[in-house]
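Visitor: Got a structure here, written out as structure tokens. Questions coming.
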Amino acid sequence: MDIEARLKAAGIELPVAAAPAANYIPFTKTGNLVFISGQISQNPDGVITGKLGLNLEIDEGYLAARWCGIALLAQLKEACSNDWNNLKSTVRLGGFVNATPEFKDHPKVINGASDLLVDILGIKGRHARAAVGSSSLPLGVAVEVDGIFELMS
């Protein structure tokens, strides 16, 4: 099954790749690698805010990370010149969780993005990863995820 078919089967319509909110670019390429800037948790209703361990449960954080993954895919599609055949692999995700000092389930939250990429990209979605806690994130978002991907050329 191709990536567009997987997206459709999952009921996902990729949003327009978000423009930068500050002095940075959404992605940069060097050699065959593309580095995608951090994508914050937001859905069509707006920014998903909150702090894990305070006012968000793990399942809510998981969904917030999934939305980050959807935003990553939107940026990645643009980086691939809208041709998924240009994607070779997912190299690494960096996941940041807005959490209390006592919260310890950061990997369970970032699984929302990881699971999505594997579900949609298949073997090309497997990756190395970091899942870390943060005392705050921009705009008070619950999750932010960045990624490194390898292109065919």
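The values are calculated or read from the model by the stated rules, or taken from the named source; none is laboratory data. Please read these numbers as outputs of a predicted model, since none were measured by experiment. Every residue, glycine as well, gets a Cβ built from its backbone with ideal geometry; the counts of neighbours run over all protein chains shown. Side chains included, ligands, DNA and RNA excluded: accessible areas come from the protein's heavy atoms. Shrake-Rupley method; radii C 1.70, N 1.55, O 1.52, S 1.80 Å.
Visitor: Just to check, using Stokes-Einstein with a Kirkwood Rh over alpha carbon pairs, what's the diffusion coefficient of the stretch 1-85 at 20 °C and 1.002 mPa s in µm²/s?
Guide: Estimated via Stokes-Einstein, D reaches 150 µm²/s.
Visitor: Once R0 is set to 35 Å, what does the formula 1/(1 + (r/R0)^6) return for the Cβ-Cβ distance between residue 33 and residue 134, expressed as a FRET efficiency to the nearest 0.05?
Guide: 0.90
Visitor: Please list 67, 84 from largest to smallest accessible area, probe radius 1.4 Å, with all protein chains kept in place. Write down the numbers at each step before the final one.
Guide: Details: 67 85, 84 25 Å².
From most exposed to least exposed: 67, 84.
Visitor: Let me ask something else. Let me know the charge dipole size of the stretch 39-124 about its Cα centre in debye, to the nearest 20, where only the beta-carbon of Lys, Arg (+1) and Asp, Glu (-1) is charged.
Guide: 340
Visitor: Out of 35, 27, 103, any idea which swings most in a Gaussian network model of the chain, alpha carbons joined below 10 Å?
Guide: Ranking 35, 27, 103 by mean-square fluctuation puts 103 first.
Visitor: Taking only the alpha-carbon atoms of the stretch 70-153, what semi-axes of the equivalent ellipsoid follow from 5 times the gyration tensor eigenvalues under a square root, in whole Å, largest first?
Guide: Taking √(5λ) for each Cα gyration eigenvalue gives 26, 13, 9 Å.
Visitor: Give the Rg (one decimal place) followed by the Dmax (whole number) of the chain, computed from C-alpha coordinates and expressed in Å.
Guide: Looking at the chain, its Cα Rg and Dmax stand at 14.6, 44 Å.
Visitor: Here's another thing I want to ask about it. Any idea what angle helix 58-79 forms with the longest principal axis of the chain, computed on alpha-carbon atoms, 0 to 90 degrees, nearest 10?
Guide: Rounded to the nearest ten degrees, it is 30.
Visitor: How tilted is helix 106-121 with respect to the longest principal axis of the chain? Cα atoms for both, answer in degrees (0 to 90, nearest 10).
Guide: 20
Visitor: So, one more: At a 10 angstrom cut-off on C-beta neighbours, averaged per residue, how do the peptides 7-13, 73-79, 54-60 rank from highest to lowest?
Guide: The most tightly packed comes first, giving 73-79, 54-60, 7-13.
Visitor: Return the single residue from 121, 139, 52 with maximal mean-square fluctuation; model: Gaussian network over the chain, springs between Cα atoms under 10 Å.
Guide: Looking only at 121, 139, 52, the biggest GNM fluctuation is shown by 139.
Visitor: Still on this structure, please answer the following. Run lengths n ≥ 4 of DSSP H only: what is the helix-derived mean residue ellipticity at 222 nm for the chain, with -39500 (n - 2.57) per run over all residues, to the nearest 500?
Guide: One gets -9500 deg cm²/dmol as the mean residue ellipticity at 222 nm.
Visitor: For the stretch 1-134, what relative contact order do you get, as a whole percent, if you take Cα pairs closer than 8 Å and at least 6 residues apart? Mind dumping the intermediate values first?
Guide: Numbers: 185 pairs, mean separation 36.4, N = 134.
Relative contact order of the stretch 1-134: 27 percent.
Visitor: Over the chain, with a Gaussian network built from C-alpha contacts below 10 Å, which listed residue (120, 110, 40) shows the highest mean-square fluctuation?
Guide: Its mean-square fluctuation being the largest, the pick is 120.
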